[in-house]
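Written out below as structure tokens is the structure these notes cover.
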Amino acid sequence: MSDRVKIFLLLLPAMTIIVVLFFGGLGIGLMRSFNYMPVIGLTEPDLSAYVSVFTDREFYLSFLLTFHIAFTSTVISSILAIGAALLLRRSFVGRGIVNFLFQLNLTVPHLVGAIGMLYLFSQSGSFARLAHEFGMIQRPSDFPALVFDPYAIGIILQYVWKEIPFIGVIVLANMQSIGEDYESVARSLGASKWQTFRFVLLPLIFPGVLSASVMVFAFTFGAYEIPAILGANFPAALPVLAYRKYTDVDLAARPEAMAMAIIIALLSAVMIYFYVRYSRRRIRG
Amino acid sequence: MTHVSIKDLTKVYPGATDPSLDRLSLEIPSGELTALLGPSGCGKTTTMKMIAGLLEPTSGDVAFDGRSVLNDKPENRGVVMVFQNYLLFPYMSVADNVGFGLKMRKIPAAEIKRRVGDMLDLVKLPDLGNRKPSALSGGQQQRVALARALIVQPNVLLLDEPLSNLDAHLRFEMRDLIRSLQQDMGITTIFVTHDQEEAVVLADRVALILDGKMKQYDTPDMFYKRPVDEATARFFGGHNFIQGVSDGRMFDSALGRLVLPDGATTGPGKLTFRPENVRIWHNETSGQNTLSATINDIIYLGTQTRLKLLVGETPIEAVVNPNEIERFTTGDSLPIHLPKSTLWVIA
């Protein structure tokens, strides 16, 4: 058996799953988004689902909110993760324990984290009660709205909490493999600590930061469960909106749900493309 | 022009019991090219990093022109270090790499461009400014690293194993380039190497460091002629060490009584002489320091041939021209001569 055939056969199971499940699902979603659904008698494809999505004001509000959630979470967690990695790569007493604690919440599911957020930060949650107990607020409901709030603070807090170790672990591994010699060179050539970070370390770890943050952005832009649990009812994040349409009692709303899902996928692809292009020029240019 | 004084410089790394560098003292005259020579792990790179301010000494002092620089930040010391693996910033062009130090000093872009151009001419890479470091050969990367260091006009230049990553034919080219740039710019230069040949071809003076301690600080020839001890002599390829007693003029040993040069130490010690200074088939008329030896083994090494000889029961080594190999057969007896000026007694 030639090597080519062998490689083909070895890849076959994985490729089958990708092609059948991913592209299959995408294909069906695409067909439905074009109002092609023979089961309920829709056999003439058209763009009406897209038209109705793009003429709905809620869609734009949801898009802005979702972008705000994804962008803010990604930026804040990337910055804090780089800071954490800078501290964790130094040697100090108890580094092993700190490192362990830092990575601990990687194992906690998003959903569990979100429920924890709810218990802690909602207006009937632990912090609200504590603040009330200590007389900092009159009623627990005076506690600032951090969940179900229009600025999605609860959602962003949850993502930041969860994604810092994810990006941090990647960046830390990256820093450790690069070592400190490049920075030594820069210092001896006259760069200050800040200049060394800005012009040497940051560009060197940039590919790692970029791939980790792109993953975080794509995930936070397309994730359903966290905004569903911690988000305000209106405007809802795009995936929540799409899911609502999908579970609408009116079967005719499904094409709209599918159109929205396709739009979410396209939008995140386009945004990631521009993010990668722009940030590469800024950091390395 | 900067005179560098290193005084009792010591480094004990956290968790280690033995110092990596033990009370090293050196005076490096302004504008000189000095080699720190020693096997890997002997504390050379540690010394360089402490001079550059990249590592804090446990004790001791580093002073430039009489002023301690220990409290100066690395970027303010005027010391530039060129690492062995060059460490060119991979995401920058060659020109940006060379201009890095000037950019950090906020020099106007137009001036940076001009000076980078001049510097690339100086290291003979005039047309490669737009390339990425990965598109250069090892020798070219080395020159870019050198240009990047020299452009900031450092007071002290530190080079880590500057020739060891280069092919044999590039070594001499680079040696000449480093020496001529160093002489023209008059920069006090210190380089570390584990290769005694590299130290000898490049340096005005060599400091040999073994096990964290300085053994000898001298001009290169003195390590061959007047090594301080056996370890030093061995590091420089010495092979012959004969136990005996010196009275300052004569040395008594299993080789018999040999005449010593002036200034030889007295008392029990070891006689040493370089294999290449053993004269074979020599008709020394006075008979002074002439011995009879038997060839025990002949080792052909390409550029030289080593003869393992026995004088009585005592083994010694000699080096002869490889073209002469036909003249020798194992078991031959032959007269050898040890010129008195090439003998040296060590403790």
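The values are calculated or read from the model by the stated rules, or taken from the named source; none is laboratory data. Just so we're clear, the structure is a prediction, and the values are computed from it rather than from any experiment. Don't worry about glycine lacking a Cβ; one is built from the backbone with ideal geometry, like all the others, and counts go over all protein chains shown. Only protein heavy atoms, including side chains, enter the accessible area calculation; ligands, DNA and RNA are left aside. Shrake-Rupley method; radii C 1.70, N 1.55, O 1.52, S 1.80 Å.
Yes or no, residue by residue, for (1) among the hydroxyl-bearing types (S, T, Y); (2) in a strand (DSSP E or B):
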position: B:G238; (1), (2): no, no
position: B:G244; (1), (2): no, yes
position: B:L258; (1), (2): no, yes
position: B:T294; (1), (2): yes, yes
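There is no residue in the stretch A:241-263 that is within 14 Å of another protein chain (Cβ to nearest Cβ) and open to solvent by 20 Å² or more (accessible area, probe 1.4 Å). Residues that are in contact (Cβ under 8 Å) with a residue 40 or more places away in the chain, touching a Lys or Arg at 6+ places or on another chain (Cβ under 6 Å) and either assigned by TED's automatic domain parsing to the domain that holds B:I178 or open to solvent by less than 50 Å² (accessible area, probe 1.4 Å) (or both) do not occur anywhere in the stretch B:76-87. Determine whether the stretch B:91-107 contains at least one residue that is closer than 26 Å to A:E180 by Cα, at pLDDT below 95 and in contact with a Ser or Thr (Cβ under 7 Å, 6 or more places away or on another chain). Within the stretch B:91-107, not a single residue is closer than 26 Å to A:E180 by Cα, at pLDDT below 95 and in contact with a Ser or Thr (Cβ under 7 Å, 6 or more places away or on another chain). Put simply, of B:G15, B:G31, B:G38 the only residue that is away from chain A (no Cβ under 11 Å) and surrounded by fewer than 22 Cβ atoms within 10 Å (Cβ to Cβ) is B:G31.
Within the stretch A:153-164, identify whether any single residue is away from chain B (no Cβ under 14 Å), without any contact (Cβ under 8 Å) to a residue 24 or more places away in the chain and on the phi < 0 side of the Ramachandran plot, and answer yes or no. Yes, some residue in the stretch A:153-164 is away from chain B (no Cβ under 14 Å), without any contact (Cβ under 8 Å) to a residue 24 or more places away in the chain and on the phi < 0 side of the Ramachandran plot. A single entry from B:D184, B:D176, B:D160 fulfils the requirement of being closer than 24 Å to B:R105 by Cβ and without any contact (Cβ under 8 Å) to a residue 12 or more places away in the chain: B:D184. Considering the stretch A:161-199, the residues that are β-branched (V, I, T) and touching a Leu at 6+ places or on another chain (Cβ under 8 Å) include one that is surrounded by the fewest Cβ atoms within 10 Å (Cβ to Cβ), namely A:I178. Among the candidates B:F241, B:F251, which residue alone is under 26 Å from B:L291 (Cβ atoms) and surrounded by fewer than 20 Cβ atoms within 10 Å (Cβ to Cβ)? Going through B:F241, B:F251 in turn, just one is under 26 Å from B:L291 (Cβ atoms) and surrounded by fewer than 20 Cβ atoms within 10 Å (Cβ to Cβ): B:F241. When restricted to residues that are more than 7 Å from every other protein chain (Cβ to nearest Cβ) and closer than 13 Å to A:I178 by Cβ, the stretch A:189-204 contains 5. The helices (runs of 4 or more DSSP H) found wholly in the stretch B:57-128 and carrying at least 1 residues that are more than 14 Å from every other protein chain (Cβ to nearest Cβ) occupy B:94-98, B:109-122. When each of B:L170, B:L202, B:L163, B:L210 is tested for being surrounded by fewer than 19 Cβ atoms within 10 Å (Cβ to Cβ) and within 30 Å of B:I346 (Cβ to Cβ), the lone residue that passes is B:L210.
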